[in-house]
Amino acid sequence: MAIDKLFKDEATEEKGERARMASFIGAMAIADLVKTTLGPKGMDKILQSTGRGHSVTVTNDGATILKSLHIDNPAAKVLVDISKVQDDEVGDGTTSVVVLAGELLREAEKLVNAKIHPMTIIAGFRMASECARNVLEQKVVDNKQDAEKFRSDLMNIARTTLSSKILSQDKEHFAKLAVDAVMRLKGSTNLEAIQIIKKPGGSLKDSFLDEGFILDKKIGVGQPKRIENAKILVANTAMDTDKVKIYGARVRVDSMAKVADLEAAEKEKMREKVQKIISHGINCFVNRQLIYNFPEELFADAGILAIEHADFDGIERLGLVTGGEIASTFDNPESVKLGHCKLIEEIMIGEDKLIHFSGVAMGQACTIVLRGASPHVLDEAERSLHDALCVLSQTVNDSRVLLGGGWPEMVMAKAVDELAKKTPGKRSHAIEAFTRALLAIPTTIADNAGLDSAELIAQLRAEHHKDKSNAGIDVISGSVGDMSELGISESFKVKQAVLLSATEATEMILRVDEIITCAPRRREGM
């Protein structure tokens, strides 16, 4: 007896060919969407939210664009996820990974239409990606031992990463900022110690790196504006109970004098709390919550700088860089770990006053202050700089470096093509398809710059058939150039992550032969 219906009314299923088509089309559409943002001449996208205020984001960062999209197609979601992981892991290559995965699926679609089984295609792709990775590993340069050369490698990587972003005009300036900041970390990949502050006004060129920590707050009235050898207590505690809050408490009294007594008791309680805090032997108190006038007065009388409403991000980072811990009870002064720094002073950036902590316990800490024409420019500048910092901090750990500008893809394509010629059977078709997909990245870089990609890729391929060629696409002059002379470098870790993530995502989507969409949940009372 045949079963007529297995699923609920509104559930849908697509099988075999149709399911595969839906997966391919969704993933390729996503790849085509971000394709135009790839490379130094990539364009930006405006993302407008439908929420309150219709906030606008202008960006060409692949991960940011894809994160903001609400997508229905399940295969497209896989590509969005690999781009997110690429962003979290290595920071850069978020667009490349999606473009490569999209191209692999485009090639796979042709092979499936030619009646080659998906498992055969997957086996071919696996062989090709292994071969491509091995050839890249042989071509890497590692200058970790030579500090001078390693720094110039880092500068080249920073310039290359920034050249496709909004900061490309001042990439020299920002590459230096990013390299200086990362070199201070001394091999740690904890970017928490690098704080980025955005201040509208001035131009992007006015951005600078400051050694130490800057807190975006003002110093209160009547408090010391400068403290040397500061002992800092970082706290998250309520300092706003020095008057009776009528809303929260119901107190029955028979005369106004009793209310005054209650207020006095509240004040006394607050005075005791302040005394406990002062007894820690501190001269700077930073609180996450409000500090009312009365306790602020008491702190000022004791010559202590009290900073209120330092947002959670601020106090977390301040605790980290000064070596203190966030406290919320003050009965045991000996168990509280205080933060230390050499100097606290008030500084001006543009129109705003900020508090500057220098000589902090964690020597790696620094602050990058970004200036720019508008909040949109600053947001995009922060994203670009964050990408560069991520890539650099990863490169300091894994110091293997490759040339950029489509050179790695050409090297991989050449090796994979040779593998295809040696491989018998249908798998060789899949390996050849992998070569074509790899060439899509230099092709897209050339297309986005308005160059003749077919001509350039043909020239590049001819160049790469010579031994030890450094040829890649020089977008500025619009021809084939020597990447090592132009100083265009990329991190091996980024390229490896792009290659492996794209191949794995493609493999996952290729295995699909059925898509089942659940019936939506019914609302009560409908």
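The values are calculated or read from the model by the stated rules, or taken from the named source; none is laboratory data. Quick caveat: nothing in here was measured; it's all calculated off a predicted structure. Counting neighbours? That spans all protein chains shown, and the Cβs are built from the backbone with ideal geometry, glycine included. When the accessible area is computed, the model is the full protein with side chains, heavy atoms only, and any ligands, DNA or RNA have been set aside. Shrake-Rupley method; radii C 1.70, N 1.55, O 1.52, S 1.80 Å.
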For region 171-236 the translational diffusion coefficient, Stokes-Einstein from a Kirkwood Rh over Cα pairs at 10 °C and viscosity 1.306 mPa s, in µm²/s, is roughly 106 µm²/s
In nanometres, the difference between 0.36 nm per residue of separation and the alpha-carbon distance of ASN229 and ASP72 is 50.8 nm
Reported to the nearest 10 Å², ARG184 has, with a 1.4 Å probe, an accessible area equal to 50 Å²
Mean accessible area per residue over the chain (1.4 angstrom probe, all protein chains present, square angstrom) is 50 Å²
FRET efficiency (ASN397, GLU268; Cβ distance; R0 45 Å; to 0.05) is 0.25
Computed from the beta carbon distance with a Förster radius of 60 Å, FRET efficiency for LYS342 and ASP9 to the nearest 0.05 stands at 0.25
Short to long, in 5 Å steps from zero, the percent of alpha-carbon pairs of region 32-79 per bin is 5, 19, 27, 22, 17, 9, 2
Region 403-473 -> Rg/Rh from Cα coords, Kirkwood Rh, value 1.00
Simple SL model, points at 7 angstrom along Cα→Cβ for ASP206 and MET43; separation in nm is 3.2 nm
Extend 7 Å from the Cα of ASP142 along its Cα-to-C-beta direction; within region 394-424, residues with backbone N under 11 Å of that point are 398-401
Mean separation of Cα contacts under 8 Å (at least 6 apart) over the residue count of the chain, i.e. the relative contact order in percent, is 27 percent
Kirkwood Rh over alpha-carbon pairs of the chain plugged into Stokes-Einstein at 4 °C, 1.567 mPa s gives a D in µm²/s of 48 µm²/s
From the Cα centre of region 306-339 to that of region 421-481, the distance in Å is 55 Å
Between the modelled labels at ARG461 and VAL58 (7 Å from Cα along Cα→Cβ) the distance in nm is 3.9 nm
Mean projected area (nm²) from the convex hull of Cα positions in region 349-465 is 12.5 nm²
Of every hundred units of 1.4 Å-probe accessible area on the chain, the number belonging to carbon and sulfur atoms, as a percent, is 50 percent
Dividing the surface of the Cα convex hull of region 215-365 by four yields a projected area in nm² of 10.3 nm²
Dividing the surface of the Cα convex hull of region 117-240 by four yields a projected area in nm² of 16.1 nm²
So, with points 7 Å from each Cα along the Cβ direction, the ASN113-LYS149 label distance in nm works out to 4.9 nm
With +1 at each Lys and Arg Cβ and -1 at each Asp and Glu Cβ, the charge dipole magnitude of region 394-495 around its Cα centre, to the nearest 20 debye, comes out at 620 debye
